[in-house]
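Structure first, commentary second.
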Amino acid sequence: MRKRCSVLLTVAVVAWSLSDSVVAQSTLRTPWGAPDLQGVWTGSTMTPLERRPEHAGKDVLTEEEAAALERRADESRFVEREPSDGDPGTYNQIWFDPGTRIVSDRRTALITAPSDGQVPIPLLWRNGTASRAHTA
C-alpha cells in the first residue's frame, strides 16, 4: 500500500510539472503588433524570389516539373567548367548557396502577394513622381 501511494504521488508530481511546459506558445510580436521575424534566415532555395516569365500565371509547379528542375540543377552543379580569362568583375559561384531543392509546396516564386509573383513597384515610381520629389 505504501509503495502504491509513493508511485501515485510521483506520477502526480511529474504530470503536474510537465503541464506547465506544454502550455500553448503564442507567436512572438513586435511592439507595434506585427509578427516578429527576427532571426537567421537562409536564402538557400532554388525557388526564385520573383516568378520567372516562363511561369507567368502559374502559382505551383507539378511534381514532375519540380523534379526536372532539381535534376537539372544537380547535373549542372558537377560540370567541369573552364576558368574564364581576365577579371570576372564579381565573386565566383563558390560564395553563393543556390540551394539544392525547391520549396516544399513547389511555388514558382517566394513572393505570393501580389498574385503575379513580382515585387510591387511603389506607386510614386510607377508615376515617375519619385524622381521629381527628390529633385524639388
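Points to keep in mind about this one:
- Estimated from the Cβ-Cβ distance and a Förster radius of 30 angstrom, the FRET efficiency linking residue 104 and residue 29 is about 0.70.
- Each Lys or Arg adds one and each Asp or Glu takes one away; over the other residues whose Cβ falls under 11 Å from the Cβ of residue 119, this sums to -1.
- Length gained on full extension, residue 77 to residue 121, computed as 0.36 nm times the residue gap minus the Cα-Cα distance: 12.5 nm.
- Between the amide H of residue 118 and those of 51, distances stay under 5 Å, these residues lying 5 or more places away or on another chain, with hydrogens modeled in the peptide plane.
- A simple spin-label model places pseudo-atoms 7 Å from Cα toward Cβ; at residue 96 and residue 58 they are separated by 2.2 nm.
- Taking other C-beta atoms within 10 Å as the exposure proxy, 121, 111, 102 rank 121, 111, 102 from fewest upward.
Read-outs: derived from the displayed coordinates by stated rules, not from any lab. Since the structure is predicted, the reported quantities are computational estimates derived from the model, not experimental observations. Cβ sites come from the backbone with ideal geometry, for glycine too, and all protein chains shown count toward neighbours.
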